[in-house]
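Here the structure is laid out as structure tokens; the discussion comes afterwards.
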Amino acid sequence: MYLIFVLLVPIVIGIVGLFWSKGKITVKEFLVQEGVLVIIVVAGYFIARAQVIADEEIWSGRIISKKREMVSCSHSYPCNPHSCGEKGEDTCWDICYDHFFDYDWNVYTSNGEIITIDRINRQGTEEPPRWTAIRIGEPTAQTHSFENYLKTNPGSVLKRIGAKESFKNLLPEYPKEIYDYYHCDRFLTVGLKISAFEWWNKTIQEINADLGKKKQVNIIVVVVNTTNSSYEYALEEFWLGGKKNDCVIIIGALEYPKISWARIMSWSQSEDLKVELRDAIQDIASFEKKEEIANAIKSLIDQKFVRRQMADFKYLLASAQPSTAITIALFLVGVILSIGLTIYFYLEDPFNDERNSWRR
């Protein structure tokens, strides 16, 4: 419907121009004009729609190797000016390079990812201290793009809309920032401080590294300072339910280290996992038993997590539309393009077609 709206007026402009020109615009020129118009506007529309569903998820793994690798030199400059052209009237340049080769300092993960550490000098002959410090087996996190159909119409699949207004000061941004090349925080605290934060963050990273590739899962733990378990719906709305490979463990802790409640947010259809992991954490009842909680998280997700396929939500793609601003911009581009080509074909005869004699 949006696409028809965007194209309708520009096409009508072309039709009016064809008849108004009284033969100065030929049918062939009209068809070329409309073809160019449709190709540009339709391509812009689908590119904009693709941006609507574009998203990123975190893949977890481990470092399996690191290598210094010789590569072609990336530092070029123009050199050796010489005459060129049919009569030697132009000046041409060769391309020269600073070095015969460069070095890249690469790190390889269990997910097949390549992480390149920044060079110390231009050629890369000096070993970067950051590369030296890397240990085989370290946990890694990297973003990967995917099409998230849920972004087109989240209200049709989320459990409750409007819940986030009641918790707007307790909603953290989704943790997707990769820092120090391959680290990502997956343990979040909201409204409270936990002395064992570093232990928890490292432990959740390790669990993700163990299960990330095997179960295609991204585990996030959110600890929030509230006794109201409806917070689950607020976070679900704010994060649009999370990514397709997420297993988000939400724990309420108004009187830390006491655990008030727990909920599991995930698109996984494994309801047993959600119920059993929730009950296990609530039964443990205290963050002082951190090893017990971590073991329950790892064990139950390893046993029961099944990643949901985004193809299950592909039916939502029909409702994916570019933003209003993009739609208006495409409409204006179509109108300007149609008017411009109408004037061009009225004044010019690019195909050397025979026109009505009165044009001459």
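The values are calculated or read from the model by the stated rules, or taken from the named source; none is laboratory data. Keep in mind the model is a prediction, meaning the values are calculated, not measured. No Cβ is skipped: glycine too gets one built from the backbone with ideal geometry, and neighbour counts run over all protein chains shown.
Quick notes on this one:
- Qualifying residue in the stretch 197-219 (condition: under 20 Å from residue 115 (Cα atoms) and among the basic types (Lys, Arg)): yes
- Residue in the stretch 222-243 that is in a loop (DSSP other than H, G, I, E, B), among the polar types (S, T, N, Q) and touching an Asp or Glu at 6+ places or on another chain (Cβ under 8 Å) present: no
- Flag for residue 37 being more than 30 Å from residue 325 (Cβ to Cβ), assigned by TED's automatic domain parsing to the domain that holds residue 343 and crowded, with 18+ Cβ neighbours inside 10 Å: no
- For the stretch 278-306, a tally of residues being outside any helix (DSSP H, G or I) and in contact with a Cys (Cβ under 9 Å, 6 or more places away or on another chain) returns 1.
- Checking residue 25 against (1) under 19 Å from residue 351 (Cβ atoms); (2) part of a helix (DSSP H, G or I); (3) in contact (Cβ under 8 Å) with a residue 40 or more places away in the chain, the condition it does not meet: (2)
- Note on the stretch 1-22: residues that are under 15 Å from residue 45 (Cβ atoms) and either touching a strand residue (DSSP E or B) at 6+ places or on another chain (Cβ under 8 Å) or part of a helix (DSSP H, G or I) (or both) amount to 10.
- Complete set of residues in the stretch 208-221 that are surrounded by fewer than 23 Cβ atoms within 10 Å (Cβ to Cβ) and part of a helix (DSSP H, G or I): 209, 210, 211, 213, 214, 215
- Single residue of the stretch 257-269 satisfying the filter (buried (at least 18 other Cβ atoms within 10 Å of the Cβ), in a loop (DSSP other than H, G, I, E, B) and not small (Gly, Ala, Ser)) that is modelled with the lowest pLDDT: 267
Table: residues versus (1) among the polar types (S, T, N, Q); (2) in the same structural domain as residue 175 (by TED's automatic domain parsing); (3) part of a loop (DSSP other than H, G, I, E, B); (4) surrounded by 15 or more Cβ atoms within 10 Å (Cβ to Cβ).
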site	(1), (2), (3), (4)
104	no, no, no, yes
107	no, no, no, yes
111	yes, no, yes, yes
120	no, no, yes, yes
127	no, no, yes, no
130	no, no, no, no
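- Subset of the stretch 228-265 [under 30 Å from the mean Cα position of the chain (by Cα) and aromatic (Phe, Trp, Tyr)]: 231, 233, 238, 239
- Near pairs, Cβ below 9 angstrom, 6+ apart or cross-chain, from the stretch 270-290 (surrounded by fewer than 17 Cβ atoms within 10 Å (Cβ to Cβ)) to any residue that is part of a helix (DSSP H, G or I) and aromatic (Phe, Trp, Tyr): 290/199; 290/200
- Residue in the stretch 76-99 that is surrounded by 15 or more Cβ atoms within 10 Å (Cβ to Cβ) and out of contact with any Leu (no Cβ under 9 Å at 6 or more places or on another chain) present: no
- When 148, 169, 201 are checked against the criterion of being modelled with pLDDT under 95, in the same structural domain as residue 294 (by TED's automatic domain parsing), out of contact with any Gly (no Cβ under 7 Å at 6 or more places or on another chain) and not aliphatic (A, V, I, L, M), 169 stands alone in meeting it.
- Cβ separations smaller than 9 Å between residues 6+ apart or across chains give the following pairs from the stretch 192-221 residues that are closer than 18 Å to residue 253 by Cα to residues that are among the hydroxyl-bearing types (Ser, Thr, Tyr): 192/256; 193/256; 194/256; 197/189; 200/189; 220/174.
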